[in-house]
Every structure is written in structure tokens, then in C-alpha cells.
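Undergrad: The structure that follows is given in the form of C-alpha cells.
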Amino acid sequence: MRNLLTLCSCLGLTNLVAAHDTWVQTNVNLIRTGDAVHIDLMLGNHGNDHRDFKLASKIDAAGCTLTVVDPQGKTYDLKEHLSDLGYAPKEGFHSAKFPAARPGLYTVAHTMDSVVNHGKPVRAVRSAKTYFLVSPSLDKVSKTWTGFDRRLGHALELVAVANPVAPMGPGTPISVKLLFQGKPLAETRVSFIPRGETLSEGFDKTFERTTDAEGRASFTPKTGNYYLVVAHHKEDADGKAGYEAVAYTATLTVFVPEICPCCGERGMADYPICHGRGNG
């Protein structure tokens, strides 16, 4: 009986740590100045050890943050603009419209910090990011934009090392740096999950990387798609704060177009589509 209780307790903790992840994504990643994007707040990525890029249930918007950071660093709160696009409490997702008045690279950011209990209380600290670009022209998009490497101070944070919007396309690496409490987190798995793709069991050598000593990881997409970049980190707690462990999650959603927005070139599987980044 003692062994059975211990097993049940461990299973409860495992299921909790493997709780749903959150992510944010936009309907487009490039718009003209003065146009608007629609920002979706998603909950899921629950199956296959957090590697399925599928919706599962719906987030409680009241217990989280959703903001947009403009090119000058000004922050806009989108919470009051969220619309629930699902009929049932656990179906669908939330979405908000955001008009962009000035050109530049914008960052969408989401955080959530809560204690949940499925056998043992665990604190779940989640963060999510994505980017979109506002350009005066969609025909001539500049290759030089700043702000993609801005740190937002999330407990576990994925920071883009290179612009994930332009230049971007098949053959152009998605490069990130994983930070924990502001410092590089080495030897940690980072998954680059294409929407609709099923990753292999264990460690998928095609779509997963391990961070180096500087917390860096890079993946080169071979085709256009939405890619969900995911990292997790867990630390034990003493229970005095009301929970036994802290499970951290960071996600970054990157849209990879088939044709580079600044070069107008179609990518190939083994050749960078854009030479403006200096990687080929």
C-alpha cells in the first residue's frame, strides 16, 4: 500500500508538470503601417511530452497578461480587448485586434503564474512571445530591423538571436537564446515544432536541439510553416510557499513564409533564401 501511494503521488506530480503550455500567434507577421494584426492566445501543446502544437482546452484570460511592445519599447495591454472565440468554457481560444501606427518590429508577450494541484501542488510559470513587422511598404521590406533581441525579464525566456520575421524563409535559421532568471541556461532541450508535424519519441534529432554553454540553439526550417519553439525547466521547492515544485515554460512562435519578405526569393531545403543575414 505504501508503494502504491508513492507511485500515485509521483504520477500526480508528473501529470501536473506535463500540464498544458501557452503560446501566442498572429494571423500575419508583416503588415503595412496603419494596418492591424489579430493576436491569438492559445493553450495546448499537451501531448507527446509537450511536442504536438495542438489546442487543448482554453486559458483563463483573467489570470494572465497579454501585451504588445512597440519598436520604441512602449507597452500596450490587450487584456480588455480579448474576445472569447469558443462556445464552451474549455473550447476555442482568445483573440484581440491590434492596429500598428508606426513602422518597426513589434513583440507580443504573454505571462501566467499559478499554482495548480493534481495530487501535489506545483507552481506553473509560463511565458510566450511572437513577433510581427510593420513596414511602410510590403514590396520593399528592409532587412535591418532592431528590437528582436529585447529581453522582457520573463523567468524562463526565449530571446531571438536573429530577426525571426525578415529576413526569414526556408533555409534561414531560427536562432534563439534561452535564459533562466536572466542568465543563459545550458544543456536544456529546445523543441522547434512545425504545425502539423509529429515529433518522434524521446529526443527528435530533426526538430530538437540542446542549448550550448551560452544557452543558444538553432534550427533551419526546410519549408514554410508556423513553428512553435518550446523550452521547459523544473526546480524543486520546499513546500513552504504552498507548492512542491516550480515548472517553467517558455514558448516562441515563428511564422516562416515560403518566400522571403525582404528578398522576394523562394527558399530551398539546403540553401539560405536570404544573404542579408550573413549565414550563407
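Undergrad: Applying a 10 Å radius around every beta-carbon, put 123-129, 254-260 in order of their mean neighbour count, most first.
TA: 123-129, 254-260
Undergrad: Hey, if you put +1 on the Cβ of every Lys and Arg and -1 on every Asp and Glu Cβ in the chain, which of 231, 248, 145 ends up farthest toward the positive end of that dipole?
TA: 145
Undergrad: Just check segment 161-217 against the gyration tensor rule for me: Cα atoms, a ≥ b ≥ c as the square roots of the eigenvalues, rounded for a/c under 1.5, and otherwise prolate or oblate depending on whether a/b exceeds b/c.
TA: Taking the square roots of the gyration eigenvalues as a ≥ b ≥ c, segment 161-217 is oblate.
Undergrad: For residue 94, what is the net charge nearby, where nearby means another residue's Cβ is under 13 Å from its Cβ and Lys, Arg count +1, Asp, Glu -1?
TA: Every neighbour counted, the sum reads -1.
Undergrad: Between rounded, prolate and oblate, where does segment 90-247 land on the alpha carbon gyration tensor, with a ≥ b ≥ c its root eigenvalues, rounded for a/c under 1.5, else prolate if a/b exceeds b/c? Display every interim value, and only then the final one.
TA: On the way: a/c = 1.84, a/b = 1.51, b/c = 1.22.
Prolate is the answer for segment 90-247, as a/c is 1.5 or above and a/b outweighs b/c.
Undergrad: Roughly how tilted is helix 2-17, in degrees to the nearest 10 and between 0 and 90, from the longest Cα axis of the chain?
TA: Relative to the chain, helix 2-17 is tipped by roughly 20 degrees.
Undergrad: So for segment 186-246, considering every pair of alpha-carbon atoms, how many percent are separated by more than 17 Å?
TA: 51
Undergrad: May I ask which of 74/183; 54/79; 74/129; 183/234 have a Cα-Cα span longer than 18 Å here?
TA: 74/183; 54/79, as the Cα separations exceed 18 Å there.
Undergrad: Ranked from highest to lowest mean number of other Cβ atoms within 10 Å per residue, what is the order of the peptides 68-78, 161-171, 92-102?
TA: 161-171, 92-102, 68-78
Undergrad: Kindly list the residues of segment 37-59 that lie in the label zone of residue 195, defined by a backbone N under 20 Å from the point 7 Å along the Cα-to-C-beta vector.
TA: Within reach of a label on residue 195, which here means backbone N under 20 Å from a point 7 Å along Cα→Cβ, segment 37-59 contributes 37-48, 50-59.
Undergrad: Treat each spin label as a single point 7 Å out from the Cα along the C-beta direction, and report the residue 49 to residue 62 distance in nm.
TA: Modelled inter-label distance: 3.7 nm.
Undergrad: So what is the diffusion coefficient of segment 32-102 in µm² per second by Stokes-Einstein at 20 °C and 1.002 mPa s, using a Kirkwood Rh over Cα pairs?
TA: Answer, rounded: 157 µm²/s.
Throughout, read-outs are computed from the coordinates displayed, never taken from laboratory work. Everything quoted here is computed from the prediction, not taken from an experiment. Neighbour counts run over all protein chains shown; Cβ positions are idealised from the backbone, glycine included.
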